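FYI, it's all coordinate maths here, none of it is from the lab. The shown structure was predicted, so the numbers you read here are calculated from the model rather than taken from an experiment. Here the Cβ positions follow ideal geometry from the backbone for every residue, glycine too, while neighbour counts run over all protein chains shown.
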Amino acid sequence: MRAIQIARLDGPSAAELNEIPEPDAAGAVVIEVHAAGVAFPDALQSRGLYQHKPELPYTPGAELAGVVRSAPEGAHVAAGDRVAALTMLSGAMAEVVALPADRVFKLPDTVSFEAGAGLLFNDLTVHCALRTRGRLAPGETVLVHGAAGGIGTSTLRLAPAFGAARTIAVVSSEDKAEIARAAGASDVVLADGFKDSVRELTGGRGVDLILDPVGGDRFTDSLRSLAPGGRLLVVGFTGGDIPTVKVNRLLLNNVDAVGVGWGAWAMTHPGYLAEQWAELEPLLASGAVVPPAPEVYPLERAADAIASLENRSAKGKVVVRVR
Ligand SMILES: NC(=O)c1ccc[n+]([C@@H]2O[C@H](COP(=O)([O-])OP(=O)(O)OC[C@H]3O[C@@H](n4cnc5c(N)ncnc54)[C@H](OP(=O)(O)O)[C@@H]3O)[C@@H](O)[C@H]2O)c1
């Protein structure tokens, strides 16, 4: 089969299209992959900078969508089903994957393979952040950093369906503001000076929830932008630096800094992925949540697709078309 492989850890440009054997199908759901999602960990892994370090050479890609070729007896999916699936960190950019049944989810007919390939990693992370860890209540205001990225656009799509009354998107440039608006942001502000913009937009009150996949030096201003009882959800560090918290800020304003490690939560809570999908799937099927509208690269250009996250040029979610 055709698959992308990375044989050296010097960045996305090492991603090459090769012929490799199909995976072992024993006991697994075998999927013919139509599209694979690209997420920030793909860029980090290509430099050996992610906590999960696959053996070289490895095939990148944490998520995909395609059609089931075969499934073990008793599985919840069968040959011919359209599905989305999680490799959970590597292996998706290949024509065929073999996965345990609990990582495979039936895709509603309303969702294309390309949208489906860019769905699970971000939407399930954001579901975990807003619902499980962030305790989003109806009527609350949600601010999201890196709002034109994968996690960002997912937050803008999902927060209203989970009850948020208002979303504020933080982006670095005007063209990214357009992407955040298209994903449904109520308001968009620039990262530079966002604290003052938020104060103005909320009449000085601040926001209830902040979802932060960026980290770095905006962290303290995020804490200052929370309303009393507000929660700052720590999701990632695309900005590079891991911030530190002076905990007196938490005490003074009665706010929480909350860690969100979706993968670790799913590993330690059996059945959690299925519970998450049971909440999300009807919202997608009914149209209450629109599927992502990804930027699509051909498989041959997987290196460029991964690089676009690293060099910050990605617009929304990025996927590669496999067949
Ligand atoms: N905790 C979890 O369970 C979990 C799960 C999935 C992903 N994540 C993490 O979430 C983060 C976001 O992932 P993603 O797939 O949404 O990434 P993405 O699509 O590349 O979006 C990240 C955004 O970060 C912003 N950014 C700020 N400084 C940056 C820099 N120096 N380099 C690159 N981007 C920068 C960019 O927006 P602006 O240019 O507008 O600032 C960009 O749109 C990653 O750190 C990922 O590892 C965490």
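Summary table below
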read-out: Cα-centred dipole magnitude for region 236-323, charges only on beta-carbon of K, R (+1) and D, E (-1), debye, nearest 20; value: 240 debye
read-out: Value of relative contact order over region 220-323, rounded to a whole percent, pairs C-alpha under 8 Å and six or more apart; value: 20 percent
read-out: Of THR141, THR59, THR268, the one that fluctuates the most in a GNM where the chain has Cα springs shorter than 10 Å; value: THR268
read-out: Order of ARG82, ARG8 under a 10 Å beta carbon neighbour criterion, fewest first; value: ARG8, ARG82
read-out: For the chain: lysine pairs under 22 Å (alpha-carbon distance), excluding those fewer than 8 apart on one chain; value: 5
read-out: Along each principal axis, Cα extent of the chain, largest first, Å; value: 58, 41, 34
read-out: Burial ranking of peptide ranges 44-54, 121-131 (average Cβ count within 10 Å, highest at the top); value: 121-131, 44-54
read-out: Given charges at Cβ of Lys, Arg, Asp, Glu: the chain dipole, positive-most of GLN5, GLY134, LEU120; value: GLY134
read-out: Region 1-152, dipole about Cα centre (Lys/Arg Cβ +1, Asp/Glu Cβ -1), debye to the nearest 20; value: 520 debye
read-out: Rel. contact order, % - alpha carbon contacts under 8 angstrom, at least six apart, region 122-263; value: 22 percent
read-out: Calculated [θ] (222 nm, deg cm²/dmol) that DSSP helices of n ≥ 4 give over the chain, each run adding -39,500 (n - 2.57); value: -7500 deg cm²/dmol
read-out: Relative contact order of the chain, pairs being alpha-carbon contacts under 8 Å that are 6 or more residues apart, as %; value: 20 percent
read-out: Dipole in debye (nearest 20) - region 122-263, about Cα centre, beta carbon charges: Lys, Arg +1; Asp, Glu -1; value: 480 debye
